[in-house]
1. Would you mention how many residues in region 75-109 are aliphatic (A, V, I, L, M), in a loop (DSSP other than H, G, I, E, B) and either open to solvent by 30 Å² or more (accessible area, probe 1.4 Å) or at pLDDT below 80 (or both)?
2. Quick check: anything in region 9-19 in a helix (DSSP H, G or I), under 20 Å from Val129 (Cα atoms) and of a type in the set (Lys, Arg)?
3. Can you work out which of the residues in region 44-74 that are exposed (fewer than 15 other Cβ atoms within 10 Å of the Cβ), small (Gly, Ala, Ser) and at pLDDT below 95 is nearest to Arg5 (Cα to Cα)?
4. When you check Arg12 against the structure, is it out of contact with any strand residue (DSSP E or B) (no Cβ under 6 Å at 6 or more places or on another chain), open to solvent by 80 Å² or more (accessible area, probe 1.4 Å) and not β-branched (Val, Ile, Thr), yes or no?
5. Name every residue in region 121-150 that is farther than 24 Å from Gln72 by Cβ and in contact with a strand residue (DSSP E or B) (Cβ under 8 Å, 6 or more places away or on another chain), in order of residue number.
Amino acid sequence: MDISRKTDYALRILSILVERGDQLLSVRTAADEVDVPYSFARSIQHGLVQAGIVESLRGVHGGMRLKADPSQVTIRDIVEAVQGPLVFNECTGVEGSCGRMGECCYHPLWCGAQALLLNYLDSVTLDDVVNRKRYPAVDQQFCERNAFPAYAACARCSSVEMPGA
């Protein structure tokens, strides 16, 4: 799992948009402020528009601004809008496969790590982070060893065998 440079730049651009409210921001200005090539910023803008997070207005006085309410957009929403589903390991993806998944002792571990990461990124919104309103946290279940079978099970695993269970 890797947070791409493109995602990093997208988050920076979105921070600027949150701080400016309804004010339009040109892609060129965003590119300059984030120190990214203009063409790369256009690509980022396109992805954010496709995801419904940003809207783009054409013309001399055009630009982009937030379309979605930043208090409703999680950090996970943004990361996945830019780079696709977050997958901890190849076998934990929706279409993931591995010939040893059924008997692999590590598969539940990777599923659990992915569940933990997704829960963490879902715990805060763009507004929370940019305006420092709330810090990320994870659900209490991740602190309970006995809860592991519930959150580490994936769609392809009927159950997770636990020692002494």
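1. Total meeting the criteria: 3.
2. Within region 9-19, one or more residues are in a helix (DSSP H, G or I), under 20 Å from Val129 (Cα atoms) and of a type in the set (Lys, Arg).
3. Gly62
4. The answer is yes for Arg12.
5. Passing the criteria: none in range.
The values are calculated or read from the model by the stated rules, or taken from the named source; none is laboratory data. The structure displayed is predicted, hence computed values, not measured ones. Neighbour counts run over all protein chains shown; Cβ positions are idealised from the backbone, glycine included. Surface accessibility is based on the protein's heavy atoms, side chains included, excluding ligands, DNA and RNA. Shrake-Rupley method; radii C 1.70, N 1.55, O 1.52, S 1.80 Å.
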